[in-house]
1. Share of antiparallel DSSP beta bridges in segment A:381-468, in percent to the nearest 5?
2. Taking θ as phi - 60°, what are the ³J(HN,Hα) couplings along segment A:68-83 by the Karplus curve (6.51, -1.76, 1.60), each to the nearest whole Hz, with x for Gly and Pro?
3. Taking only C-alpha pairs under 8 Å that are 6+ residues apart, what is the relative contact order of segment A:349-471 in percent?
4. Could you list A:Lys208, A:Lys262 in order of exposure, starting from the residue whose Cβ has the fewest other Cβ atoms within 10 Å?
5. Classify segment A:142-192: rounded, prolate or oblate, from the alpha-carbon gyration tensor (a ≥ b ≥ c, eigenvalue square roots; a/c under 1.5 rounded; otherwise prolate if a/b is larger than b/c)?
6. Rounded to the nearest 500 deg cm²/dmol, what is the calculated helix-only ellipticity per residue at 222 nm for chain A, with -39500 (n - 2.57) per DSSP H run of length n ≥ 4?
7. With a ≥ b ≥ c taken as the square roots of the eigenvalues of the C-alpha gyration tensor of segment A:5-376, please select rounded if a/c is under 1.5 and otherwise prolate if a/b is larger than b/c or oblate if it is not?
8. So if I take the centroid of the Cα atoms in segment A:403-469 and the same for segment B:16-61, what is the distance between those two points in Å?
Amino acid sequence: MLWEFNKYSDKIALVDEFGMLMTYGELAKEGERIAEMVESRCLTFILCKNAIGSVVGYVSFLNAGIVPALLNASLERELLDNLLLTYQPKYIWIPKEQKGDFSDMECIYTSYEYCLLKTNFQTEYPLHSELALLLTTSGSTGSPKFVRQSYQNIKANAESIVQYLCLDETERPITTLPMNYTYGLSIINSHLLVGATLLITDKALMQKEFWKFFKEQEATSFGGVPYTYEMLERLRFFRMELPSLRTMTQAGGKLTPELHKKFAEYAKETNRNFVVMYGQCEATARMGYLPPEKAVERCGSMGIAIPGGRFHLIATDGSIITEPHMTGELVYEGLNVTLGYAEHGDDLIKGDERQGVLETGDMAQFDEAGYYYIVGRKKRFLKIYGSRVNLDEIDRMIKGKFDNADCASAGIDDHMYLFVTDNSIAEDVKSFVALKTGLNPMAFKAVVIDEIPKNDAGKTLYKELEKYYEF
Amino acid sequence: MTNLEKYKEAFVKGLEIGAEGVESLEYQGIPQWDSVGHMGLIAAIEDSFDIMMDTDDIIDLNSFEKGKEILSKNYGIDF
C-alpha cells in the first residue's frame, strides 16, 4: 500500500468548497469498497477534476494495486475514444454528470459524485508488476503516449518532497493545478503521506469562490506554474490579506527572473517560503528545488537535486561537465525516474527501461556553488500555461487536418506561433489547435508567410521563423 | 466612442472574440473566457478606461453585465 490512511484515521483528509469532508478513516474504508467492486488488478481510466470523488478513486485504485491512467475530465471526446481503443481499460471512473456520455457502459458503483463504469472491451493487456500509474506528458495533443510510473517512483518522490518542503499534518494545501497534471498530483501524493488536509476546488484563481474557500479553510500553501504567478501579480496578490499562507511553490516552466525576484522578496518580507522547483512527468514529478532561504540570492536558478537524487551535465562530446557556467544536457538520477513510456496497450507489460537515469532534454548550467540554471531545450516543445506541447506533434496535427498544408509551429513558452502559407486557413488552424490542445486561444498566433523556410533536404528551418516573434 | 462601445471593445480585444453576443457573456461560458482569458480581459478593460482594478473587483467580474455594474459603482464610469 502506498498510503497508510489508518495512521491518521480521525484526521480530515479532504475538504471541498461545498463543505464536504472526508477523514483518513473514511478514505481507507471507501477504498476497500471500491477495490471490492473491481475484480482484480487491471487497467482503469480516471476522468479527473479537482473534486473529492476524483481523488477518492485515484487513491483507492492505487492503494489496491489497480492501475489508473489519469486524464482530464474535459478531454475532447475524440481523443478520449482513441485512448480507450488503444489501451482498452476494464473500468472508467468518471464524474457523475458525464454518465450520459457513456450510455453503452454499465455503472456498477457510485461514490462522492463519481461513477465506476465497466467497459465492454474484450482485450486485457497484461500489466507489469511494478506498474502503478499512467500519466500523459502534456495531456493535450491527443498523443496516446503515457509515462509509466511505478509504486516505488511515487513513494520515493513523495517522501523526498515531504522532506525538502518539511511537510507535516498541519499543512492545508489548496488545489490550483489539475490533478491529472504531474505537479498537481505530486501535491496530493506527498500531503496524503503525512496526514495533511487537502483543500479541493475546481475553481480558478480568477474566481471569487476560490479565495473565499482559501480564507475560510485557511490554506497554508499552493503551487503554480509561471502563468499562475503572472495572474497573481495581476490580482494584486502582494496586497492580499492571507494570514494562513506559509508556502508557495513554483514549477512547470521557468519563471521570468523579474517575477522570481518579486515573489522571493515578498516571501522574505512576509516570512513565508517561496520554493522554485524543477521536474518532469518522466521523473514522477520533482527533480530539483531551490531552498527557500536561497530564493532571493540565487534568483533565476531552479536549485539543486531533491533529497535522494543527483544531477550532472553532459557536454555535446558526451563528457561530464565539471566546470561551472558551461552548458550541457541535464541528466538526473534517482528512484523517482519512471519506467519509460507506453504508446499502446502492449507496452504495459514492459519493465524498467531507464534504470534510474533520465536525460531531461533540458540544457543547463551550474554556478560555483552548485546551483543549476535551465538555459534552453534540446527538443522542440513549448510549455504553454505549464503544459508541455510538442511542436512536431502540432505540425503533424495541422497537416492531418488541413490537407497536408505547408505549416510550421514554433515560439516561446506561453506563446506559440502557427506559420502557414495559405491565408484562408490561418484562423481555422488557430482555432483547431486551441480546441485540440484545450488551451486558451490567446496562447496561439497564426502568422501567414510566403513560404516556410526549409533547407535543401526539406527540413524546416525553425530558427529563421524567430524574426516573426513579437513578444 | 461611448463608454459602452469602449467596454464592448475591451471584451472583443481581451478575449479575442467577435463582437456578436458579447452582452450575454459569462465567465467560463465560452472557451476563450477561462482564467487565462480573464487576465487578458482585465488588462483590456484597465487599458481602455485607464484604471487599476482592485482584487475584489477583478474576481467579482464574472459576466458582461456584472462588469458594467462594477465599473460604474467603483470606478465612476457611466454607461
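1. Numbers: 11 of 16 bridges.
Around 70 percent antiparallel, to the nearest 5.
2. Result, rounded to whole Hz: x, 10, 9, 10, 6, 4, 9, 4, 4, 4, 4, 5, 5, 4, 4, 5.
3. Working: 161 pairs, mean separation 20.3, N = 123.
Reported as a whole number, the value is 17 percent.
4. Details: A:Lys208 15, A:Lys262 19.
By the 10 Å Cβ count, ascending, the order reads A:Lys208, A:Lys262.
5. Details: a/c = 3.31, a/b = 1.51, b/c = 2.20.
Oblate is the answer for segment A:142-192, as a/c is 1.5 or above yet b/c matches or exceeds a/b.
6. On the way: 10 runs with 117 residues, N = 471.
Dividing the helical sum by the residues of chain A leaves -7500 deg cm²/dmol.
7. On the way: a/c = 1.89, a/b = 1.25, b/c = 1.51.
It is oblate, given that a/c is not under 1.5 and a/b is not larger than b/c.
8. Centre-to-centre distance over Cα atoms comes out at 27 Å.
Read-outs throughout are calculated quantities, based only on the coordinates presented, and are distinct from any laboratory measurement. Computed from a predicted model, the values in this text were never measured in an experiment. Backbone-built Cβ (ideal geometry, glycine too); neighbour counts: all protein chains shown.
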